[in-house]
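Sending over a structure as structure tokens; questions will come in a sec.
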Amino acid sequence: MMFEMPQYEVRFHDKLDWEEISEMELMDGLYKIYNKVTPAIKEMIMGQEVETPDAVYRLKAKEESILSR
């Protein structure tokens, strides 16, 4: 069984498009606002977006494969 790392996206308030970011970039962005990032990451795992003064962060949605249907 292969473990797949979660992927994250960010949309800065001055932009319209979401862009993929690394886990380190996510942690850096969240740590500036939250002393503990674990609750914010839990929210993303539950499907919520986390908003900061600069951006909105979310877990990247997995694209469903046609073969897995």
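Each value in this text was obtained by applying a stated rule to the coordinates, not by laboratory testing. These figures come from a predicted structure and were not determined experimentally. Neighbour counts run over all protein chains shown; Cβ positions are idealised from the backbone, glycine included.
Working out 0.36 nm times the residue gap between Asp54 and Tyr31, then minus their Cα-Cα distance, what length gain in nm do you get to one decimal?
Length gained between Asp54 and Tyr31: 7.0 nm.
In vacuum, with every alpha carbon of segment 8-62 counted as one equal point scatterer, what does the Debye formula give for log10 I(q)/I(0) at q = 0.21 Å⁻¹? Two decimals, please.
Each listed q corresponds, in turn, to -0.71.
Which residues does a label at Lys62 reach in segment 11-38, if reach means a backbone N under 20 Å from a point 7 Å past the Cα toward the Cβ?
The answer is 20-23.
Mind ranking 54-60, 27-33 by how tightly packed they are, going by the mean number of other C-beta atoms within 10 angstrom, highest first?
For the peptides 54-60, 27-33, the packing ranking is 54-60, 27-33.
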